[in-house]
Every structure is written in structure tokens, then in C-alpha cells.
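Worksheet for the structure shown next.
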Amino acid sequence: MKVMLLGMPGAGKGTQAQFLMDRYRIPQISTGDMLRAAIKAGTPLGNEARRYMDRGELVPDHVVIELVKQRVREADCANGYIIDGFPRTIPQARALQEADLDFDFVIEFRIDDDEVLRRLTGRRVHPPSGRTYHVVYNPPKVRGKDDVTGEDLVQRADDAEPTILRRITTYHAQTRPLVDYYVERSKRGPPRYVSIEATGPVERVRDAMFAALGGQ
């Protein structure tokens, strides 16, 4: 099964991807991880990506897509894979299709802007251990303190409200149009588009996702 995940930051894509991985025994593919590995290994694509990054430029789509093509040829992708975070734009989606990288399902996790703000601005982290809390959904025993060490919890810069608002704006401008793109494509054949309401208990979202996949 080949699955693409769409949704705003904080929609729970990473959590649901883990359920997919466990059920279908397929890997989650991260373009960021692939870029870092290629650069570290000094591959031709990695060296090309490094040249752009060293100049402070975005890595071109053709480099990322070629990395994806190489990755999906690996043995652990024989039964499928999950991609989250790419494509982000319609030109990237079209480039994937032209490269014969297609999907069985595109799953959108729907969540409103206010819920994204609540989820992400409420996160608190214990930097030394990486333990994560939430002021509402998973509060520490003592406000602002790590349960194990009693040390201070911090809010990451990425979780500050101005940063989250910018990410939401970027999603609506660049990535949200992908939903319409894949809805239209699904009318003509695969991939099948699936929309899941992502507000509520993690288990309810999981069950709705598996039901939408037809129990496969």
C-alpha cells in the first residue's frame, strides 16, 4: 500500500503514520532524512543538494524526487510506503506523477486553525530527555516541571504562536490546494482520496482511517 498523508502541522499525521506502519509493515519515508543521509554519504545527489543548501537555497524538486525514486526501490518498500511532508505544492505533485511515483491513497487529516494553535502552542519539552507534555492534553504533575527530574520545561521556538500562525498561513497558501488537486484526480482513478476528521481521541481518528481504507 502506497499512502500520502496531508494535513496541517499538529494534525497528528506522525501518530497516525505509526499506526499504518505497524498494521501494514511499510516504512514512513522522510524527504528530510533522505537528504541528510545522501549528504552524509557524499552521493552525487547528496553533493548536489549540499551545493544548494550551502548557498541558502531550497533543494530543487528534481533532486528530491530522484531521492524518493531511489528510496522506494529499497527492499523495505516492496509492500508500499508512507510519505508525509512531500509534495507541498501542485507542481511537486505533478512532478511526482510524471516520475511514475503514484499512490493508492491520499489521506487528508482535517483540523481547524484554532485547534492547531491549541495543540502546538501548548506543547512543552524537557530538553535534556526529549520528554514532551501539553498544558491541556498531557500536563506534567507540577506545572512547568518535568515529572522525572523536576527541571523546567520549555516551549520550543517552533511552537510559539507567531511561528505557528506563519506555518498555518503557508499551509493554506501552498499545500491546501493539493487537496483539491487530489480530489479531482481521484475522480479519474487512483489515488483514492480519503478525508478524516482529526479532532478527537487518537484511537477514534485511527479507527476512522482504517475504516476509510476499506479494512485493507
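With the requirement that a residue be surrounded by 11 or more Cβ atoms within 10 Å (Cβ to Cβ) and more than 15 Å from ILE107 (Cα to Cα), what does the range 167-198 give you?
If the condition is that a residue be surrounded by 11 or more Cβ atoms within 10 Å (Cβ to Cβ) and more than 15 Å from ILE107 (Cα to Cα), then ARG167, ILE168, THR169, THR170, TYR171, HIS172, GLN174 are the ones that fit.
Taking interchain pairs and intrachain pairs at least six residues apart, which have beta carbon atoms under 7 angstrom, with the first residue in the range 157-171 and closer than 23 Å to PRO127 by Cβ and the second outside any helix (DSSP H, G or I)?
ASP159/ARG123; ARG167/PRO9
Within the range 139-160, how many residues turn out to be surrounded by 12 or more Cβ atoms within 10 Å (Cβ to Cβ), farther than 22 Å from TYR171 by Cβ and not aliphatic (A, V, I, L, M)?
7
Just one of (1) under 28 Å from LEU213 (Cα atoms); (2) modelled with pLDDT of 90 or more; (3) out of contact with any Phe, Trp or Tyr (no Cβ under 9 Å at 6 or more places or on another chain) trips up THR43, so point out which.
Against the list (1) under 28 Å from LEU213 (Cα atoms); (2) modelled with pLDDT of 90 or more; (3) out of contact with any Phe, Trp or Tyr (no Cβ under 9 Å at 6 or more places or on another chain), THR43 comes up short only on (1).
Which one is farthest from the chain's Cα centre (by Cα), of the residues in the range 180-207 that are hydrophobic (A, V, I, L, M, F, W, C) and closer than 21 Å to ASP113 by Cβ?
That would be VAL183.
Could you check GLY10 against (1) on the phi > 0 side of the Ramachandran plot; (2) out of contact with any Leu (no Cβ under 7 Å at 6 or more places or on another chain) and say which number it fails?
(2)
Just give me the residues in the range 76-119 being under 19 Å from ARG185 (Cβ atoms), among the charged types (D, E, K, R) and either in contact with a helix residue (DSSP H, G or I) (Cβ under 6 Å, 6 or more places away or on another chain) or not in a helix (DSSP H, G or I) (or both), in sequence order.
Correct list: ASP84, ARG88, ASP100, ASP102, ASP104, GLU108, ARG110.
Just checking: which of the helices (runs of 4 or more DSSP H) contained wholly in the range 6-58 hold 3 or more residues that are within 10 Å of the chain's Cα centre (by Cα)?
Helices (runs of 4 or more DSSP H) meeting the threshold: 13-24.
Output the residues belonging to the range 135-150 that are modelled with pLDDT of 90 or more and either assigned to a loop (DSSP other than H, G, I, E, B) or among the hydrophobic types (A, V, I, L, M, F, W, C) (or both).
Those that are modelled with pLDDT of 90 or more and either assigned to a loop (DSSP other than H, G, I, E, B) or among the hydrophobic types (A, V, I, L, M, F, W, C) (or both): VAL135, PRO139, PRO140, LYS141, VAL142, ARG143, GLY144, ASP146, ASP147, VAL148, THR149, GLY150.
Taking only the range 29-82 into account, find how many residues are without any contact (Cβ under 8 Å) to a residue 24 or more places away in the chain and small (Gly, Ala, Ser).
Summing the residues that are without any contact (Cβ under 8 Å) to a residue 24 or more places away in the chain and small (Gly, Ala, Ser) in the range 29-82 gives 8.
Would you check which residues across the range 120-134 are farther than 20 Å from MET8 by Cβ and part of a loop (DSSP other than H, G, I, E, B) and list them?
Answer for the range 120-134, where residues must be farther than 20 Å from MET8 by Cβ and part of a loop (DSSP other than H, G, I, E, B): PRO127, PRO128, SER129, GLY130.
Looking at (1) under 20 Å from ALA198 (Cα atoms); (2) modelled with pLDDT under 90, which is the one condition that is false for PRO177?
Failed condition: (2).
Which of (1) modelled with pLDDT under 95; (2) within 30 Å of PRO128 (Cα to Cα) does LEU153 not meet, given it meets every other one?
Single failed check for LEU153: (1).
Anything in the range 186-205 that is in contact (Cβ under 8 Å) with a residue 12 or more places away in the chain and within 17 Å of LYS2 (Cα to Cα)? List them, or say none.
SER186, PRO190, PRO191, ARG192, TYR193, VAL194, SER195
The values are calculated or read from the model by the stated rules, or taken from the named source; none is laboratory data. Source: prediction; values computed, not measured. Neighbour counts run over all protein chains shown; Cβ positions are idealised from the backbone, glycine included.
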